[in-house]
Amino acid sequence: MEQNGKLTVLDPHGQPTGIFGRRLEAQSNPRAILDPFEQPSGELKPMSMAPRLAALNGKTVYLVETGFAGSFEFMQELQEWFARNMPTVKTVLRHKRGTMFTDDPELWAEMKSSGADAAILGVGG
Amino acid sequence: MTARFADFVERNARARGTPLRFGFPPYPVMGMSRDVLRRYIEGADPITSKPLMQEVIDALTAPLTEREKHPTIVRKPRRPRWLAPDTEENLYRKFVESGWTDGLPIVLPTEKRVAEMLTGTDHAPDEIVGQMIITTHQEKMEYTVEKVAAIAVMAGARPEHFPVILALAASQEPSMPSSTTSWGRMMVVNGPIRNEIGMNCGTAALSPFNLANSVIGRAWTLMSINFGDARAGENFMATFGHNSNYNNMCFGENEELSDFEPFHVQKGFRPDESVVSLFRGWNVLNFGLGPAKEMAHVIATFGSMGTSITFVVDPLVAKNLRAEGFKTKQDACKWIVENSKVPAGHYWEGQMQSGFAAGLAKQGIEPFASWAKLPKDAPIAPRHSPEDINILVVGGETNPMWITTDFTYTRSVSIDKWRPKCGIRRDAQPLRMPAPVTCKDGTCGIPVATPSTEPVTAAN
C-alpha cells in the first residue's frame, strides 16, 4: 500500500523462529550434514562445562583427531609435546570415527570407561 | 581450532549455550610439514598472543566461570512481519545495505505485489513451508508461503513461476551451503511446467536469455541469503564463493529432443509430473566432445573431493550414446564407471584424495580403506558406482558437446503440490524474453523484403 509516497514492504527476515542444528549420528553419511531432512530438529538445551582438573600431573588426556586434513599430524606433534614437556601426563591419541561432521558415541563411552580425565579435540578448520 | 575460525566457533558455542574453551594455532594446518606444526604448538596463539600450550593447559585446569557454569542460548530477536513504511529509494537502500539482496536490483516486496504473487498457488499465506540454514551452527529460520512470495517478488518472478519457487523452498536446501570449499548448485526442471511457464531447455538454456530460468534460479539464492541468513565471513565461509550462486545453473531438461528417459522419471516420478531436481558440487568443466570412451577418460582424471559426476549433455550427445548402443542413461553410466579406472598410486597423489579420502581410509570407511591398501599400479574406479553418474539433456543441438561437473544429485521435489487447482496463473499477456531463433521456414528470422522495402545495394 502506498501512502504519502511511502511503501509498506515485507521484512524478508521478519518473524524468525529458532531451532538449532546439532551433530550427525555416527552412522550418518558424511554429506548428511548438508541435508536439511537429516539435521535433527528440536530444542537445544544449554549445557554447562564439566568441572576442571586441579592439575594434569598423573592424569590421562585423550587427544582426539577430528578428521580435518592435517589434524592427525598436528595431534601427533601435540602428543610429542606432552612427552617432552609434561611426561607425567599420559596421552592417548585416537581418531574420531567417521568424518569431522559425525558423532562418535563409542569413543566417548570408551573414554569414560577407561578413566580418561580430560580430552583435547583438534584440530578444526 | 585454527585461528582463521576463532570468532566463528566462539560465536557458535556462545549462541548454542554450549561454552567450550579453545586454543587457536595458526592457519592453515593442511599440507604443513611436521616442523611447521611443531612451531605452531610451541608458539603463540595468534588471536591472544599467549603461548598456545599454556592456553591448552589452562583450558583443562582453570576453574569454570559463572557463564561457563550457567550458559544460556542466545536467540535472535523476533521482528515484525512488515518493515516501517518508507520511500522506495530508502527501502531499496535498506535492502541492499542490510545484505538482503544478491547485489543486483530487486523488486521491493510491497503488500500489493506479494498479494499478486500469492495468486500463483492455492496454499494459505501463513502455511509453514520449511526452515533453512546455511550451516548447522545457526538458528534455523522458519518461513511461510507469504515469505517465499516476498522472495519471488524480489527475484522478479511472476505468479506463474511461484509453484517452482515454492518447491525449491520446500526442499529446505540452501543454494549456498557454507563451506570453505565454495559449493556451487545446479537445478533442473522436468515435466509439463517447463513449457507452461516458458522455460528454456534448448539453445543457450544456461545463459541469461530466459526470464523463467533467470528468476527461478535467482529466487533460490535470495531465499538462502534471507531465510538462511547468509553473511559472508560470519557464517558463509566460502573462500572464493562460486559464480553459480547467482542463478544456480537453472534450466529445464530438453525432454522433447532427448533420446533418453527424463531425469525425474529415473527418480520414480511420472512423466506428466512436474519436478525440480537439485545438485551440489564444485567443478564445472565446460567443454567435452566425443563418445562415451572420452567421457570415461575425462572423469578418470577429474580431481574432486566427491565421488559423483553429472554430465550436462546436448541432445546430440544423447543420440550419439544411443547410436553407440546404450539403451538408457543408466547403461551409459555403468559403462563409463567401469571404464574410468586409474592406477591407485595416481589416485592417492591427488591433493583432494590425500586431504579428504585418506582420512576416510584411516577410519576404515570403504571403498577408500581398501584402495589405500592396493599396490600403486592396481586399477581403481574413482567413481565407483553407476548411481554416482548422472546425465541431464539440455541444449539446442548446435554442437554435440557435454559439460562435466562433479555435482552430486541431492533431491527431487514435486512442483505439482504447489500448483493452483485451476492451473498455472498466467498474466493476461505472459512476459517472455525472445525465444532462441530456430529456422523453420528458411528465413532464419530475417525479415522478408516487401515491395515497399528499399533494396540494399553494395557500396562502391
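Restricting to the stretch B:7-24, and then to whatever is more than 14 Å from A:Val123 (Cβ to Cβ), assigned to a loop (DSSP other than H, G, I, E, B) and within 32 Å of the chain's Cα centre (by Cα), can you tell me which residue is nearest to the other protein chains (Cβ to nearest Cβ)?
B:Gly17
Take the residues in the stretch B:178-197 that are surrounded by fewer than 21 Cβ atoms within 10 Å (Cβ to Cβ) and farther than 17 Å from B:Leu166 by Cα, then tell me which one is modelled with the highest pLDDT.
B:Asn195
Among the residues of the stretch B:137-174, what is the count of those that are over 14 Å from B:Leu118 (Cβ atoms) and within 16 Å of the chain's Cα centre (by Cα)?
Total satisfying the criteria: 8.
For (1) within 23 Å of A:Gly5 (Cα to Cα); (2) hydroxyl-bearing (Ser, Thr, Tyr), each residue gets a yes or a no:
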{"site": "B:Lys76", "(1), (2)": "no, no"}
{"site": "B:Pro80", "(1), (2)": "yes, no"}
{"site": "B:Thr87", "(1), (2)": "yes, yes"}
{"site": "B:Glu97", "(1), (2)": "yes, no"}
{"site": "B:Lys112", "(1), (2)": "yes, no"}
{"site": "B:Ala124", "(1), (2)": "no, no"}
{"site": "B:Glu127", "(1), (2)": "no, no"}
{"site": "B:Val148", "(1), (2)": "no, no"}
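Give the stretch B:25-60 a look and list any residue that's touching a helix residue (DSSP H, G or I) at 6+ places or on another chain (Cβ under 8 Å), in a loop (DSSP other than H, G, I, E, B) and under 19 Å from A:Gln76 (Cβ atoms), or say none.
B:Pro25, B:Pro26, B:Tyr27, B:Pro28, B:Val29, B:Met30, B:Gly31, B:Met32, B:Gly43
From the list B:Thr110, B:Thr72, exactly one residue is at pLDDT below 95, at the interface with chain A (Cβ under 7 Å from one of its Cβ atoms) and in contact with an Asp or Glu (Cβ under 9 Å, 6 or more places away or on another chain). Which is it?
B:Thr110
Are any residues in the stretch B:61-81 free of Cβ contacts under 8 Å to residues at least 24 places away in the same chain and surrounded by 15 or more Cβ atoms within 10 Å (Cβ to Cβ), and if so, which ones?
The answer is B:Leu64, and nothing else.
Among what's in the stretch B:25-61 and is among the β-branched types (Val, Ile, Thr) and facing another protein chain (nearest Cβ under 7 Å), pick the residue that is nearest to A:Ala54 (Cα to Cα).
If we take residues in the stretch B:25-61 being among the β-branched types (Val, Ile, Thr) and facing another protein chain (nearest Cβ under 7 Å), then B:Thr61 is nearest to A:Ala54 (Cα to Cα).
If the Cβ limit is 7 Å and pairs must be 6+ apart or interchain, which residue in the stretch B:89-105 that is more than 9 Å from chain A (Cβ to nearest Cβ) pairs with which residue that is of a type outside the set (Phe, Trp, Tyr)?
Listed by first residue and then by second, the contacts come to B:Tyr92/B:Leu108; B:Gly99/B:Arg231; B:Asp102/B:Arg218; B:Asp102/B:Thr221; B:Asp102/B:Leu222; B:Asp102/B:Ile225.
Which residues, counting only those in the stretch B:247-282, are among the small types (Gly, Ala, Ser), under 20 Å from the mean Cα position of the chain (by Cα) and within 28 Å of B:Pro420 (Cβ to Cβ)?
B:Gly252, B:Ser274, B:Ser277
Would you be able to say whether some residue in the stretch B:320-330 is of a type outside the set (Val, Ile, Thr), assigned to a loop (DSSP other than H, G, I, E, B), modelled with pLDDT of 95 or more and surrounded by 19 or more Cβ atoms within 10 Å (Cβ to Cβ)?
Looking for residues that are of a type outside the set (Val, Ile, Thr), assigned to a loop (DSSP other than H, G, I, E, B), modelled with pLDDT of 95 or more and surrounded by 19 or more Cβ atoms within 10 Å (Cβ to Cβ), one finds at least one in the stretch B:320-330, hence yes.
Exactly one of (1) more than 9 Å from chain A (Cβ to nearest Cβ); (2) in contact (Cβ under 8 Å) with a residue 60 or more places away in the chain is unmet by B:Met141. Its number?
Every listed condition holds for B:Met141 apart from (1).
Among the candidates B:Val275, B:Val337, B:Val313, B:Val284, which residue alone is surrounded by 17 or more Cβ atoms within 10 Å (Cβ to Cβ), touching a His at 6+ places or on another chain (Cβ under 6 Å) and on the phi < 0 side of the Ramachandran plot?
Values: B:Val337 fails: touching a His at 6+ places or on another chain (Cβ under 6 Å); B:Val313 fails: touching a His at 6+ places or on another chain (Cβ under 6 Å); B:Val284 fails: touching a His at 6+ places or on another chain (Cβ under 6 Å).
From the options B:Val275, B:Val337, B:Val313, B:Val284, the qualifying one is B:Val275.
Just the residues that are under 15 Å from B:Thr221 (Cα atoms) and charged (D, E, K, R), please, taken from the stretch B:133-162.
Hit for the stretch B:133-162 is B:Lys147, nothing else.
Within the stretch A:53-60, is there a residue that is buried (at least 17 other Cβ atoms within 10 Å of the Cβ), over 27 Å from B:Ala170 (Cβ atoms), modelled with pLDDT of 65 or more and more than 8 Å from chain B (Cβ to nearest Cβ)?
For the stretch A:53-60, residues buried (at least 17 other Cβ atoms within 10 Å of the Cβ), over 27 Å from B:Ala170 (Cβ atoms), modelled with pLDDT of 65 or more and more than 8 Å from chain B (Cβ to nearest Cβ): present.
Please state which of the following conditions A:Glu80 fails to meet, knowing it meets all the rest: (1) at pLDDT 95 or above; (2) at the interface with chain B (Cβ under 7 Å from one of its Cβ atoms).
Looking at each condition in turn, A:Glu80 falls short on (2).
Return the residue satisfying two criteria in turn: it lies in the stretch A:61-78 and is assigned to a helix (DSSP H, G or I) and of a type outside the set (Ser, Thr, Tyr), and of such residues it is surrounded by the fewest Cβ atoms within 10 Å (Cβ to Cβ).
A:Gln76
When the stretch B:334-392 is examined, which residues are found to be among the aliphatic types (A, V, I, L, M) and within 14 Å of chain A (Cβ to nearest Cβ)?
Passing the criteria: B:Met352, B:Ala357, B:Ala358, B:Leu360, B:Ala361, B:Ile365, B:Ala369, B:Ala372.
Filter the stretch B:295-309 down to residues that are at pLDDT 75 or above and outside any helix (DSSP H, G or I) and give me whichever is surrounded by the most Cβ atoms within 10 Å (Cβ to Cβ).
Result: B:Ile309.
The values are calculated or read from the model by the stated rules, or taken from the named source; none is laboratory data. These numbers come from a predicted model, not from an experiment. In this analysis, Cβ positions are derived from the backbone assuming ideal geometry, glycine residues included, and neighbour counts consider all displayed protein chains.
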